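Everything on this sheet refers to the single structure shown next.
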Amino acid sequence: MEVIIKESPLEGSLLAARIIARAVRKDPETVLGLATGSTPLILYQELIRLHREEQLDFSRVVTFNLDEYVGLPPEHPASYHSFMKRNLFDHINVAPERINIPDGMAKDIRGFCREYEKKIIAAGGIDIQILGIGLDGHIGFNEPTSSLTSRTRIKTLTAQTLQENAAYFGGLANAPRHVITMGIGTILDSRMCLLLAFGERKAEIVAQAVEGPLMALVPASALQLHPDAKFIIDQAAAACLSKRSYYQYVYDHKPDWQLD
Ligand code: PGA
(Lines give C-alpha, C1' and ligand atoms only; values in the text may rest on other atoms or scores of the structure.)
Protein backbone atom coordinates (compact mmCIF):
# COMPACT_ATOMS: atom_id res chain seq x y z
CA MET A 1 0.00 0.00 0.00
CA GLU A 2 1.38 3.37 -0.99
CA VAL A 3 0.37 6.56 0.78
CA ILE A 4 0.88 9.69 -1.31
CA ILE A 5 0.32 12.94 0.52
CA LYS A 6 -0.26 15.95 -1.71
CA GLU A 7 -0.63 19.60 -0.75
CA SER A 8 -4.25 19.91 -1.87
CA PRO A 9 -7.20 18.02 -3.38
CA LEU A 10 -6.27 19.59 -6.72
CA GLU A 11 -2.72 18.22 -6.65
CA GLY A 12 -3.93 14.78 -5.57
CA SER A 13 -6.57 14.71 -8.30
CA LEU A 14 -4.06 15.79 -10.95
CA LEU A 15 -1.80 12.92 -9.95
CA ALA A 16 -4.66 10.42 -10.19
CA ALA A 17 -5.59 11.84 -13.62
CA ARG A 18 -1.97 11.47 -14.78
CA ILE A 19 -1.91 7.81 -13.72
CA ILE A 20 -5.16 7.16 -15.60
CA ALA A 21 -4.10 9.12 -18.69
CA ARG A 22 -0.82 7.23 -18.88
CA ALA A 23 -2.65 3.90 -18.67
CA VAL A 24 -5.18 4.88 -21.35
CA ARG A 25 -2.44 6.15 -23.69
CA LYS A 26 -0.54 2.90 -23.23
CA ASP A 27 -3.60 0.67 -23.61
CA PRO A 28 -6.59 2.37 -25.31
CA GLU A 29 -8.81 -0.50 -24.09
CA THR A 30 -8.04 0.13 -20.43
CA VAL A 31 -10.85 -0.96 -18.12
CA LEU A 32 -11.62 1.72 -15.54
CA GLY A 33 -13.55 1.22 -12.33
CA LEU A 34 -15.28 4.49 -11.52
CA ALA A 35 -16.62 6.05 -8.33
CA THR A 36 -19.16 8.75 -7.53
CA GLY A 37 -19.44 11.21 -4.61
CA SER A 38 -17.78 14.58 -4.21
CA THR A 39 -14.23 13.22 -4.00
CA PRO A 40 -13.55 12.30 -7.67
CA LEU A 41 -15.09 15.48 -9.11
CA ILE A 42 -11.81 17.33 -9.66
CA LEU A 43 -10.28 14.17 -11.12
CA TYR A 44 -13.14 13.95 -13.63
CA GLN A 45 -12.75 17.63 -14.53
CA GLU A 46 -9.10 16.99 -15.27
CA LEU A 47 -9.89 13.92 -17.40
CA ILE A 48 -12.34 16.08 -19.38
CA ARG A 49 -9.65 18.73 -19.84
CA LEU A 50 -7.14 16.09 -20.97
CA HIS A 51 -9.70 14.83 -23.50
CA ARG A 52 -10.48 18.30 -24.84
CA GLU A 53 -7.05 19.86 -24.79
CA GLU A 54 -4.64 16.93 -25.00
CA GLN A 55 -6.62 14.47 -27.14
CA LEU A 56 -6.94 11.82 -24.46
CA ASP A 57 -9.05 9.23 -26.29
CA PHE A 58 -11.66 7.28 -24.32
CA SER A 59 -13.37 5.73 -27.36
CA ARG A 60 -12.18 2.18 -26.58
CA VAL A 61 -12.05 2.47 -22.80
CA VAL A 62 -14.48 0.27 -20.85
CA THR A 63 -15.94 1.52 -17.57
CA PHE A 64 -17.58 -0.19 -14.61
CA ASN A 65 -19.12 1.90 -11.85
CA LEU A 66 -18.96 0.73 -8.28
CA ASP A 67 -22.56 1.17 -7.26
CA GLU A 68 -26.09 2.48 -7.77
CA TYR A 69 -29.21 3.01 -5.65
CA VAL A 70 -31.91 0.37 -5.81
CA GLY A 71 -35.27 1.60 -7.05
CA LEU A 72 -33.95 4.81 -8.58
CA PRO A 73 -34.52 5.20 -12.32
CA PRO A 74 -31.36 6.10 -14.24
CA GLU A 75 -32.78 9.50 -15.23
CA HIS A 76 -33.36 10.53 -11.58
CA PRO A 77 -31.01 13.47 -10.93
CA ALA A 78 -29.54 11.82 -7.83
CA SER A 79 -28.88 8.46 -9.53
CA TYR A 80 -25.29 7.53 -10.18
CA HIS A 81 -26.19 7.10 -13.85
CA SER A 82 -27.08 10.83 -13.90
CA PHE A 83 -24.03 11.72 -11.84
CA MET A 84 -21.67 10.02 -14.27
CA LYS A 85 -23.31 11.56 -17.32
CA ARG A 86 -23.25 15.04 -15.81
CA ASN A 87 -19.74 14.90 -14.41
CA LEU A 88 -17.85 12.81 -16.95
CA PHE A 89 -19.52 10.80 -19.71
CA ASP A 90 -21.29 13.72 -21.45
CA HIS A 91 -17.94 15.48 -21.82
CA ILE A 92 -15.62 12.74 -23.11
CA ASN A 93 -15.82 10.35 -26.06
CA VAL A 94 -16.50 7.16 -24.12
CA ALA A 95 -18.70 4.78 -26.15
CA PRO A 96 -22.12 4.35 -24.47
CA GLU A 97 -22.05 0.58 -25.05
CA ARG A 98 -18.78 0.35 -23.11
CA ILE A 99 -20.24 2.03 -20.00
CA ASN A 100 -21.41 -0.27 -17.22
CA ILE A 101 -23.29 0.95 -14.14
CA PRO A 102 -25.32 -1.31 -11.84
CA ASP A 103 -29.01 -1.26 -12.75
CA GLY A 104 -30.91 -0.17 -9.65
CA MET A 105 -34.19 -1.02 -11.42
CA ALA A 106 -33.24 -4.64 -12.17
CA LYS A 107 -36.15 -7.00 -11.41
CA ASP A 108 -33.83 -9.88 -10.61
CA ILE A 109 -31.16 -8.15 -8.58
CA ARG A 110 -29.23 -11.31 -7.73
CA GLY A 111 -29.15 -12.35 -11.38
CA PHE A 112 -28.08 -8.86 -12.39
CA CYS A 113 -25.23 -8.89 -9.85
CA ARG A 114 -23.98 -12.24 -11.12
CA GLU A 115 -24.01 -10.90 -14.69
CA TYR A 116 -22.14 -7.74 -13.62
CA GLU A 117 -19.34 -9.87 -12.20
CA LYS A 118 -19.22 -11.93 -15.40
CA LYS A 119 -19.07 -8.77 -17.52
CA ILE A 120 -16.07 -7.50 -15.56
CA ILE A 121 -14.29 -10.80 -16.16
CA ALA A 122 -15.28 -10.81 -19.86
CA ALA A 123 -13.77 -7.32 -20.20
CA GLY A 124 -10.48 -8.69 -18.90
CA GLY A 125 -10.85 -7.39 -15.33
CA ILE A 126 -10.57 -3.84 -14.02
CA ASP A 127 -7.18 -2.21 -14.61
CA ILE A 128 -7.59 0.84 -12.38
CA GLN A 129 -10.31 1.17 -9.75
CA ILE A 130 -11.00 4.68 -8.45
CA LEU A 131 -12.30 4.75 -4.87
CA GLY A 132 -13.49 7.27 -2.33
CA ILE A 133 -13.86 6.40 1.34
CA GLY A 134 -16.94 6.92 3.48
CA LEU A 135 -16.72 8.37 6.98
CA ASP A 136 -17.51 4.85 8.23
CA GLY A 137 -14.74 3.35 6.10
CA HIS A 138 -16.91 2.05 3.27
CA ILE A 139 -15.49 1.57 -0.23
CA GLY A 140 -18.12 1.34 -2.92
CA PHE A 141 -21.12 0.90 -0.65
CA ASN A 142 -19.53 -1.91 1.31
CA GLU A 143 -20.58 -0.82 4.76
CA PRO A 144 -18.83 -1.95 7.97
CA THR A 145 -18.94 -5.73 8.49
CA SER A 146 -19.17 -6.39 4.75
CA SER A 147 -17.34 -9.62 3.98
CA LEU A 148 -13.82 -8.92 2.82
CA THR A 149 -14.40 -11.45 0.02
CA SER A 150 -17.84 -10.11 -1.01
CA ARG A 151 -18.91 -9.84 -4.64
CA THR A 152 -21.42 -7.52 -6.34
CA ARG A 153 -24.69 -7.66 -4.38
CA ILE A 154 -27.45 -5.67 -2.72
CA LYS A 155 -26.60 -3.90 0.55
CA THR A 156 -28.46 -1.81 3.12
CA LEU A 157 -26.93 1.58 3.90
CA THR A 158 -26.05 2.50 7.48
CA ALA A 159 -27.88 5.33 9.23
CA GLN A 160 -24.70 7.43 8.94
CA THR A 161 -24.44 6.95 5.18
CA LEU A 162 -28.16 7.62 4.76
CA GLN A 163 -27.70 10.87 6.63
CA GLU A 164 -24.70 11.79 4.45
CA ASN A 165 -26.76 11.18 1.30
CA ALA A 166 -30.02 12.75 2.46
CA ALA A 167 -29.21 16.17 1.04
CA TYR A 168 -29.12 14.74 -2.51
CA PHE A 169 -32.71 13.52 -2.08
CA GLY A 170 -34.26 16.54 -0.39
CA GLY A 171 -34.24 14.86 3.02
CA LEU A 172 -33.90 11.54 4.78
CA ALA A 173 -37.43 10.35 3.98
CA ASN A 174 -36.73 10.13 0.24
CA ALA A 175 -33.20 8.74 0.41
CA PRO A 176 -32.91 5.13 -0.86
CA ARG A 177 -31.84 2.62 1.77
CA HIS A 178 -30.60 -0.08 -0.56
CA VAL A 179 -27.87 -0.16 -3.15
CA ILE A 180 -26.16 -2.52 -5.54
CA THR A 181 -22.42 -2.40 -5.00
CA MET A 182 -19.36 -4.23 -6.23
CA GLY A 183 -18.06 -6.31 -3.36
CA ILE A 184 -14.78 -5.91 -1.54
CA GLY A 185 -13.56 -9.07 -3.28
CA THR A 186 -14.53 -7.52 -6.63
CA ILE A 187 -12.57 -4.38 -5.81
CA LEU A 188 -9.54 -6.35 -4.63
CA ASP A 189 -9.45 -8.17 -7.99
CA SER A 190 -8.66 -4.95 -9.86
CA ARG A 191 -5.03 -4.53 -10.89
CA MET A 192 -4.58 -1.15 -9.25
CA CYS A 193 -6.69 0.70 -6.68
CA LEU A 194 -6.51 4.48 -6.38
CA LEU A 195 -8.27 5.65 -3.24
CA LEU A 196 -8.70 9.42 -3.00
CA ALA A 197 -9.50 11.14 0.30
CA PHE A 198 -9.44 14.85 0.99
CA GLY A 199 -10.19 17.06 3.98
CA GLU A 200 -9.94 16.74 7.74
CA ARG A 201 -13.26 14.87 8.01
CA LYS A 202 -11.55 11.89 6.41
CA ALA A 203 -8.37 12.00 8.54
CA GLU A 204 -9.42 9.54 11.22
CA ILE A 205 -10.89 6.90 8.93
CA VAL A 206 -7.91 7.12 6.55
CA ALA A 207 -5.59 6.38 9.49
CA GLN A 208 -7.74 3.41 10.50
CA ALA A 209 -7.76 2.05 6.96
CA VAL A 210 -4.00 2.46 6.42
CA GLU A 211 -2.56 1.81 9.87
CA GLY A 212 -5.32 0.08 11.79
CA PRO A 213 -6.03 -3.63 11.90
CA LEU A 214 -7.40 -5.38 8.83
CA MET A 215 -11.05 -5.84 9.69
CA ALA A 216 -14.53 -5.93 8.21
CA LEU A 217 -15.51 -3.08 10.54
CA VAL A 218 -13.29 -0.81 8.40
CA PRO A 219 -13.91 -2.06 4.84
CA ALA A 220 -11.18 0.14 3.32
CA SER A 221 -8.60 -1.67 5.48
CA ALA A 222 -9.06 -4.59 3.04
CA LEU A 223 -6.84 -2.59 0.66
CA GLN A 224 -3.93 -3.63 2.90
CA LEU A 225 -4.28 -6.97 1.10
CA HIS A 226 -4.02 -5.41 -2.36
CA PRO A 227 -0.65 -5.59 -4.16
CA ASP A 228 -1.03 -2.16 -5.80
CA ALA A 229 -3.23 0.14 -3.73
CA LYS A 230 -2.42 3.83 -3.60
CA PHE A 231 -4.03 6.21 -1.11
CA ILE A 232 -3.78 9.67 -2.66
CA ILE A 233 -4.69 12.12 0.07
CA ASP A 234 -4.19 15.77 0.97
CA GLN A 235 -2.42 17.15 4.05
CA ALA A 236 -5.71 17.51 5.94
CA ALA A 237 -6.71 13.88 5.38
CA ALA A 238 -3.21 12.78 6.45
CA ALA A 239 -3.46 14.47 9.84
CA CYS A 240 -3.99 11.30 11.93
CA LEU A 241 -1.39 9.08 10.25
CA SER A 242 1.35 8.11 12.69
CA LYS A 243 3.88 7.35 9.94
CA ARG A 244 3.15 10.43 7.88
CA SER A 245 6.75 11.57 7.57
CA TYR A 246 7.80 8.06 6.50
CA TYR A 247 5.23 8.03 3.64
CA GLN A 248 6.47 11.43 2.54
CA TYR A 249 10.08 10.23 2.67
CA VAL A 250 9.28 7.14 0.58
CA TYR A 251 7.46 9.22 -2.03
CA ASP A 252 10.17 11.88 -2.20
CA HIS A 253 12.83 9.21 -2.73
CA LYS A 254 10.96 7.04 -5.16
CA PRO A 255 13.48 5.44 -7.47
CA ASP A 256 12.89 5.62 -11.22
CA TRP A 257 11.99 1.94 -11.44
CA GLN A 258 9.11 2.51 -9.06
CA LEU A 259 7.55 5.47 -10.85
CA ASP A 260 4.44 4.79 -12.84
P1 PGA B 1 -17.55 11.56 -0.78
O2 PGA B 1 -18.09 10.08 -0.50
O3 PGA B 1 -16.63 11.45 -1.92
O4 PGA B 1 -18.78 12.34 -1.13
O5 PGA B 1 -16.89 12.01 0.47
C6 PGA B 1 -17.16 9.04 -0.44
C7 PGA B 1 -17.87 7.74 -0.20
O8 PGA B 1 -18.89 7.74 0.51
O9 PGA B 1 -17.40 6.72 -0.70
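The values are calculated or read from the model by the stated rules, or taken from the named source; none is laboratory data. From a predicted model like this one, the values you see are computed outputs, not experimental measurements. Note: accessible area is taken over every heavy atom of the protein model, side chains too, but ligands, DNA and RNA are not part of it. Shrake-Rupley method; radii C 1.70, N 1.55, O 1.52, S 1.80 Å.
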Note to self: Just to compare against my own numbers: the Cα pair-distance distribution for the stretch 50-119, 5 Å bins, whole % per bin, please.
What the structure shows: 3, 16, 24, 23, 17, 10, 5, 2, 0
Next item on the list: Rounded to whole Å and ordered largest first, report the semi-axes of the equivalent ellipsoid of the stretch 89-198 derived from its Cα gyration tensor (root of 5λ).
Entry: 23, 17, 16
Checklist line | MET182, MET215, MET105, MET192, ranked by accessible area, largest first (probe 1.4 Å) | finding: MET105, MET215, MET192, MET182
Notebook entry, point to check: Which lysines have a Cα less than 20 Å from the Cα of LYS118, not counting those fewer than 8 places away in the same chain?
Noted result: LYS107, LYS155
Next item on the list: Over the chain, give the accessible area per residue in Å² for a 1.4 Å probe, as an integer.
Entry: 46 Å²
Next item on the list: Express the carbon and sulfur contribution to the solvent-accessible surface of the chain as a percent, rounded to the nearest whole number, probe 1.4 angstrom.
Entry: 54 percent
Next item on the list: Please work out, to two decimal places, the log10 of the ratio I(q)/I(0) at q = 0.09, 0.10, 0.13, 0.16 Å⁻¹ from a Debye calculation in which every Cα of the stretch 2-258 carries one identical scatterer.
Entry: -0.37, -0.46, -0.80, -1.27
Margin query: Using 18 Å as the Cα-Cα cut-off, could you pick out the over-long pairs in LYS119/LYS230; LYS85/LYS230; LYS202/LYS230; LYS6/LYS202; LYS202/LYS243?
Written below: LYS119/LYS230; LYS85/LYS230
